[in-house]
Structures are given as C-alpha cells and as structure tokens.
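The values are calculated or read from the model by the stated rules, or taken from the named source; none is laboratory data. Since the model is a prediction, treat every value here as computed from it, not as a measurement. Every residue, glycine among them, receives a Cβ derived from its backbone with ideal geometry; neighbour counts consider all protein chains shown.
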Amino acid sequence: MDDQLTALTELLRELPGIGPRAARRLAYWFVRRDRTWIDRFVRVLSDAHRTVRTCTSCMRMFPGREGMDRCSICTNEQRDKHLLLVVEKDVDLENIERTGAYKGFYFVLGGTVSALDKDPDHKIRINELEARLKGADHELTELILALSATTEGEETAFFIGDRVRSIADQRRITVTTLGRGLSTGTELEYVDTDTMTNALQGRK
Ligand SMILES: [Zn+2]
C-alpha cells in the first residue's frame with residue numbers, strides 16, 4: 001500500500017506548484033475517490049492528452065484530429081492576413097477572440113520576461129516568433145504586441161520589440177502596442193469588447 005502511495009505522491013509532485021506535503025494530501029485524496037470517478041478521470045486525461053496539441057503556427061493548444069498541425073484560426077482564410085497579434089497565454093487569446101474585436105492572426109508567447117532575466121529565450125517563444133516573422137506571408141504588415149498593462153507585460157513588449165526590430169524592418173512590418181484603453185494593471189484575460197475595441201483602435 002505505502003509503495004503505491006509513495007509512487008503516486010512522487011508523480012503528483014511533478015505538477016506545477018505542488019510541494020511534497022500537498023502531493024501527499026492529493027495522493028490520499030485520489031485513493032479515496034470511487035472507482036467510477038477514477039476511471040472517468042483517467043479516460044478524460046488520456047483523451048485530452050491524445051487530442052489536444054500545440055498549433056505549429058500560433059502555438060496555442062487546440063483539440064485536433066491526428067495529422068492536424070494548425071488550429072481553426074490559423075487555417076481560416078477569411079482572417080486578416082495583415083495582422084499578427086502577440087499574447088502572453090492561451091486564455092488571453094481566447095478572451096480577445098470572444099470579444100470579436102480582432103480578426104487577424106495570433107501568436108502565443110507562453111509567458112513573460114523581466115529585465116532581470118538571464119535567459120529570456122527559454123522563458124518565452126521568442127525564437128519561434130522570429131521564425132514565424134521570417135517565414136511570414138508578404139501580406140503581413142503589422143505585429144501587435146498585446147501584453148498585459150503590467151510591469152512584466154511592458155518589459156516583455158520592450159524585449160520583443162528589440163529582438164524583432166531587424167526582421168521587422170527588413171520585411172516592412174510595423175510593430176505596435178495596444179492603446180491605453182487598458183488601464184494600468186488590467187489583465188487581458190478579463191478585457192471586454194469595448195475596451196478591446198478601443199485598445200485596438202488606439203494602437204501605436
Ligand atoms: Zn493556430
């Protein structure tokens with residue numbers, strides 16, 4: 001019994017933000033669930049793991065069939081090819097999409113960097129973003145940095161602006177940021193349609 005509990009605890013410790021005590025508590029919690037719930041959990045987890053993949057173009061997670069490597073946004077021919085909007089995380093993209101205020105394409109950075117970071121290239125997908133810009137359709141004319149109006153968001157925007165400047169110049173892509181329709185500290189994942197529309201109109 002204890003061997004199995006220890007094995008489960010060790011696995012749970014690998015979850016983000018879970019320390020040894022929390023892992024032990026979770027292990028006890030799991031083994032007390034009934035059999036039906038456990039079967040369902042295993043099935044749902046396995047299905048999600050099998051079908052949810054990372055879009056090779058915008059880097060967001062999406063549910064797709066075998067062999068699909070780009071999401072429904074990236075393969076949508078109706079979208080505005082002039083615009084590429086950079087967000088920190090998947091939920092920011094989902095929320096901007098829900099506002100309906102933006103019709104271009106996206107790129108999910110996967111995090112933020114601060115001015116003090118020693119190895120920023122491994123914290124965000126800056127190399128992937130550079131590759132995306134190098135391989136971009138000639139129709140792309142604007143890269144919009146839509147990061148949260150927080151210190152980290154601003155430092156990340158500054159870092160990206162600096163890194164992509166030469167490729168952007170070569171390819172005549174303008175780099176803009178969202179207008180201050182977003183008040184300081186506003187997280188993009190909570191933004192509503194009016195604020196997003198204003199922020200897009202006020203971009204500079
Ligand atoms: Zn995509």
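For the stretch 99-117, the set of residues classified as within 16 Å of the ligand (Cβ to nearest atom) and among the charged types (D, E, K, R) consists of K103 only. Being loosely packed, with under 10 Cβ neighbours inside 10 Å and either in contact (Cβ under 8 Å) with a residue 24 or more places away in the chain or not aliphatic (A, V, I, L, M) (or both): is that true of D2 here? The answer is yes for D2. Tell me the strands (runs of 3 or more DSSP E) entirely within the stretch 102-204 that contain at least 1 residues that are touching a Gly at 6+ places or on another chain (Cβ under 8 Å). Here the list reads 142-145, 174-177. Go through (1) surrounded by 11 or more Cβ atoms within 10 Å (Cβ to Cβ); (2) more than 16 Å from the ligand (Cβ to nearest atom); (3) of a type in the set (A, V, I, L, M, F, W, C) and name the single condition V86 misses. The single condition V86 does not satisfy is (2).
Condition check for T54 on (1) under 21 Å from G135 (Cα atoms); (2) out of contact with any strand residue (DSSP E or B) (no Cβ under 9 Å at 6 or more places or on another chain); (3) at pLDDT below 95: one failure, at (2).
Per the listing L8, L45, L85, L26, the residue uniquely within 24 Å of the chain's Cα centre (by Cα), over 30 Å from S148 (Cα atoms) and not in a loop (DSSP other than H, G, I, E, B) is L45. Is it the case that the stretch 65-80 has a residue that's away from the ligand (no atom under 16 Å from the Cβ) and not in a loop (DSSP other than H, G, I, E, B)? There is no residue in the stretch 65-80 that is away from the ligand (no atom under 16 Å from the Cβ) and not in a loop (DSSP other than H, G, I, E, B).
Against the conditions (1) without any contact (Cβ under 8 Å) to a residue 12 or more places away in the chain; (2) near the ligand (Cβ under 10 Å from one of its atoms), F41 satisfies every one except (2). Within the stretch 105-122, being surrounded by fewer than 17 Cβ atoms within 10 Å (Cβ to Cβ) and of a type outside the set (D, E) holds for G111, S114, A115, L116, K118, H122.
In the stretch 105-162, the qualifying residues are those that are within 13 Å of the chain's Cα centre (by Cα) and of a type in the set (S, T, N, Q), and the one that is modelled with the highest pLDDT is T112.
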